[in-house]
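Asker: Structure below; questions to follow.
Nothing in this text is a laboratory measurement; each read-out follows from the coordinates by a stated rule. The structure displayed is predicted, hence computed values, not measured ones. All Cβ positions, glycine included, derive from the backbone under ideal geometry; neighbour counts span all protein chains shown.
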């Protein structure tokens, strides 16, 4: 498996235009949230015979989150922790939408479609196809790309920044 630095370097090649980068900074978090929200609607806890108070939290989103955690942990502990925090915040948002009586599937479907439409527009501006067109694992790299940009804006160094500096 490629290293986190290799994944991010490859991802950056398809995301150099400032407009595309801005779109990704907004849309990647929306896509992560809305995808988790849609997957949250696919409940499997009851099929497994779990008690009702536990079953509502056992769904395709939580199982997919565990698999994604394993992937991020292979890349770095920091990535796994940051993405776990991101997942947790998304779950809070999902529960808040449900608690407010909103139709979770409808809201998330609308957000998902709009965010992906903007993403594809960003790639049109970029003149490059999305990275996941060649390798679906890049769907998991997009959030790390966003986080690297957040780290830099906050003046924080990441292992990725250090690797870039060493290469010159």
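Asker: With contacts defined as alpha carbon pairs under 8 Å and 6 or more residues apart, what's the relative contact order of the chain in percent? Don't skip to the answer; put the middle values down first.
Answerer: Values: 146 pairs, mean separation 62.2, N = 168.
Dividing the mean separation by the residue count of the chain yields 37 percent.
Asker: Given the rule -39500 (n - 2.57) for each run of at least 4 DSSP H residues, summed and divided by the residues of the chain, what is its mean residue ellipticity at 222 nm, to the nearest 500 deg cm²/dmol? Don't jump to the answer; show the numbers that get you there.
Answerer: Working: 8 runs with 124 residues, N = 168.
About -24500 deg cm²/dmol.
Asker: If R0 is 35 Å, what FRET efficiency do you get for residue 50 and residue 10 from their C-beta distance, rounded to 0.05? List each step's numbers first, then the result.
Answerer: Numbers: r = 40 Å, r/R0 = 1.14.
Given R0 = 35 Å and the Cβ-Cβ separation, E is 0.30.
Asker: What ranking of 118, 144 emerges when the number of other C-beta atoms within 10 Å of each C-beta is taken as an exposure proxy, fewest first? Walk me through the numbers on the way to the answer.
Answerer: Values: 118 18, 144 24.
If I rank by nearby Cβ atoms, fewest first, I get 118, 144.
Asker: Using 5 Å bins from zero, what percent of all Cα-Cα pairs in the chain falls into each bin?
Answerer: 1, 8, 15, 20, 19, 16, 10, 6, 3, 1, 0, 0
Asker: Going by how many other Cβ atoms sit within 10 Å of their own, how do 116, 102, 40 line up, fewest first?
Answerer: Numbers: 116 16, 102 12, 40 25.
The order, fewest Cβ neighbours first, is 102, 116, 40.
Asker: Let me ask something else. Compute the normalised compactness of region 85-132: alpha-carbon radius of gyration over 2.2 N^0.38 Å, N being the residue count.
Answerer: Details: Rg = 14.4 Å, N = 48, 2.2 N^0.38 = 9.6 Å.
Working it through for region 85-132, the quotient is 1.50.
Asker: If we count other beta carbons within 10 Å of each Cβ, what is the order of 5, 84, fewest first?
Answerer: Details: 5 19, 84 15.
Sorted ascending by nearby Cβ count, the order is 84, 5.
Asker: For the pair residue 3/residue 152, report the inter-label distance in nm, with labels modelled 7 Å from Cα in the Cβ direction.
Answerer: 1.9 nm
Asker: Could I ask something else about it? Using a Förster radius of 45 Å, what is the FRET efficiency between residue 121 and residue 85 based on their Cβ-Cβ separation? Nearest 0.05, please. Could you put the intermediate results ahead of the total?
Answerer: On the way: r = 29 Å, r/R0 = 0.64.
That pair, residue 121 with residue 85, gives E of 0.95.
Asker: Stokes-Einstein D for region 47-120 at 4 °C, 1.567 mPa s, Kirkwood Rh over Cα pairs, in µm²/s?
Answerer: It comes out at roughly 91 µm²/s.
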